[in-house]
Amino acid sequence: MVTALLACTLGSLAAIGLVLSFSPRFQPCRARLRLSTLVFAFWLVATVILTPYTFVIQLPGLPDLSIERMLFVVLAVMALSRTLRRDVVNGQDKLPEALIAIFCGICLLSMARFGFMEIYSAFARPLFVFMSGYAIPFLAFLYAKYLLDTEDDILAVFRVFFWFGCYLSLLSYLEHYGLKSLVYPSYITDQGISLLHLDRSRGPFLNAAFNGLALNFAFICGMFVLPTVRGTKRTAYIVLLVLFVPAIYFTRTRSVYLHFIMTLLALLFLYQGRISRWKLIPTVFVGVAMLVGLNMQQLASSDRSAGGMGETSEIEIRLALVEKSREMIAENPFGGIGLAQFRATTLFTPEDVDYQHNQLIGMATELGLPGVCVYLAILAVFFGRLYRLAGNIPEGKFLNANFVLLLAVGLLITMVNNCFVEPSLHLFANLNFFVLAGIADQLYNRFKGGRLRLPVRS
């Protein structure tokens, strides 16, 4: 049964890979990358695999120093240096920054009112939630908008993301087939750290949903990079992209399946290639039908570890959390209950002691309607600008309709994923969104100023 599932999955995705192999190609100008861009890209990856779980320096009276935190300090110094030298993108409007500042102000007011520190030691600290969920991702947005100013910079970030996804994909195979001795970092399979999602491929996130999001995001980054490679390397990239599919299946997580299917449908119907879609679409849907038919009994099973999707207990928990949130919002519609205070508020109702598992509903509960409305306004600005770009972007080698499509899909899948999980505790789940948003905002401003084509350093 598993063999049939993998065969059908690989067959259908190979068809998509075949079409994508006929997509427009171009040879980017090879140029020396800025060191700051490489530090930025590796810092994004380090937030996942070089955390305190992997390596930490403990100094008395100071915060623990991990590699990703040290990289962040180095990156901040580099960014400040470039800003002082005015080596930044000019002519950018500040509407997103204004909305972000208002949102951060709401968060700070909430913490000033309800506390910056955790009430119970087992719960997340509000200040930590603010930094990982909002403040640091907003800084990444500013970096992407003002400092990733060339074609080479953007491609470098996408390449690093893609190869990071290949690493996560390999880990998924190792976890699924029980090759624990080969898994690195070893804490991924350590039952003493977390019992959550041990029956699924959870990667260095220790969470299958975020692992699946990162795999899907890296898959999209691979699609960004694919037009820039030729010959044998292009074939290798397509094979690696196809191998992402079983890795995503090994997460055993329905929300991951949902946003990956959305990604594939967007590529199938909207990605501009050089082959007629009427020849491909029937092939893909026949492959999917075979996949579902051969595995219907397994997919309908309530055994999640076997890949079943019929488990309802988690759905019931989510619905109970939504109902609890609705009651809290009705009681505190404008002030909320305080940033990161949801679990502490429901502590004495054991069936509800959990994170909200929905970013926007949780935001409305903790920050009130003003907070969630400002955040929705930020999202509306990003998607509105992509919509304007999609209808007006001139076809170029690097910037084209496919580029805008992939930006939109990357933003959308993160939003969909965050409707089923609590993302504020996982920095990467917020960073990926705001890095793409920063790139999109920069391109929109270039389009509005009549200078959309990105420069390439010589």
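Each reported figure results from applying straightforward, stated rules to the coordinates on display, with no laboratory input. All figures in this text were calculated on a predicted structure; none of them were measured in a lab. Quick reminder, even Gly has a Cβ in these numbers, built from the backbone with ideal geometry, and neighbours come from all protein chains shown.
Numbers for the structure displayed
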quantity	calculated
Calculated from backbone phi, Karplus (6.51, -1.76, 1.60) coupling profile of region 145-156 in Hz, x at Gly/Pro	6, 9, 10, 8, 9, 10, 4, 5, 4, 5, 4, 4
Ranked list, fewest to most other Cβ atoms within 10 Å of each Cβ, for L127, L389, L241, L265	L265, L127, L389, L241
Per DSSP, loop chymotrypsin sites (Phe, Trp or Tyr not before Pro) in region 104-194 with at most 13 further Cβ within 10 Å	Y120, Y177
Proximal lysines to K94, defined as alpha-carbon separation beneath 25 angstrom and excluding residues fewer than eight positions away on the same chain	K145, K448
Region 357-380-region 82-153 distance, computed between alpha-carbon centres (Å)	16
Volume per residue that the Cα convex hull of region 35-87 spans, once the total is divided by residue count, Å³	73
Which of V372, V239 has the fewest Cβ neighbours within 10 Å, and the rest in rising order	V239, V372
Gain on full stretching of the segment that runs from F116 to A236 - 0.36 nm per residue minus C-alpha separation	38.3 nm
Sorted by Cβ density within 10 Å, fewest first, the residues R318, R252, R85	R85, R318, R252
Where only alpha carbons of region 90-155 are counted, the Rg and the Dmax (Å)	15.6, 47
Calculated from backbone phi, Karplus (6.51, -1.76, 1.60) coupling profile of region 242-252 in Hz, x at Gly/Pro	5, 5, 5, 5, x, 4, 5, 4, 5, 6, 6
